[in-house]
1. Take the residues in segment 26-52 that are buried (at least 17 other Cβ atoms within 10 Å of the Cβ) and of a type in the set (S, T, N, Q); name whichever of them is nearest to Tyr79 (Cα to Cα).
2. Among Gly100, Gly91, Gly122, which is the only one that is farther than 24 Å from Ile181 by Cβ, in contact with a Lys or Arg (Cβ under 8 Å, 6 or more places away or on another chain) and surrounded by fewer than 16 Cβ atoms within 10 Å (Cβ to Cβ)?
3. Hey, which of the helices (runs of 4 or more DSSP H) in segment 36-150, taking only ones fully inside, have at least 1 residues that are closer than 21 Å to Arg9 by Cα?
4. Please go through (1) small (Gly, Ala, Ser); (2) surrounded by fewer than 16 Cβ atoms within 10 Å (Cβ to Cβ); (3) within 24 Å of Val143 (Cα to Cα) for Ala59 and return the number of the only condition it doesn't satisfy.
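What follows draws every value from the coordinates through simple rules; no lab data is involved. As the structure is a prediction and not an experimental result, all values here were calculated from the model. Cβ atoms come from the backbone with ideal geometry, glycine included; neighbour counts cover every protein chain shown.
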Amino acid sequence: MTPARYRTRMTELLGIRHPILCGGLMYLADANYVAAVVNAGAMGFITAKTFPDPDDFRAELRRCTGLTGGKPFGVNLYYSPRPAANEVLRGHVEILLEEGVRIVETSGLPPKEALPVLKAAGCTVIHKVSTVRHALSAQKLGVDALSVVGAECGGHPGVQLVGTMVQGLVAAEKLSLPLAIGGGIGHGAQLVPRSRSAPMR
């Protein structure tokens, strides 16, 4: 693992070496994916709704703990506008807390119901949104950090479809919490520009 080159509010908050968050990806963000991210010095999130069966979810958390050697990793909780779709998350919150997970990424609706429970258990909660307006609301709600994604992101880029370049600038000006931005980032050169002397491939 390469040493950290950057210290940011997000690396300090999460205790990671690199300011990279690999958010929950439905059906893809399993223990293998998340452990690879965590072992490389960044932060990844197992998607809770990928494992609707409570026993399967618990087993996946334990598998990730083994693959990371006990290093902290995160869980994504997506809150749907359809209340019935969120019922499974109540049990999943209990399970993740029992299994020692203390980093949670929420997305979709604001985590109004779960936030007091998560915070009482000592969790760090990052809420992912698709507009700065929603980020400001989440900041008032009491989350610890924010992730703002632009129209280029996969999954749920929202309906406003504002690009990452615009969102990132406005979010940095308006928000006071630690901030990550996403959308349209495909590889490392988009995070850290190459040196002029580096050969093009």
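1. Thr47
2. Gly122
3. In segment 36-150, 114-120, 132-141 are the helices (runs of 4 or more DSSP H) which contain 1 or more residues that are closer than 21 Å to Arg9 by Cα.
4. (3)
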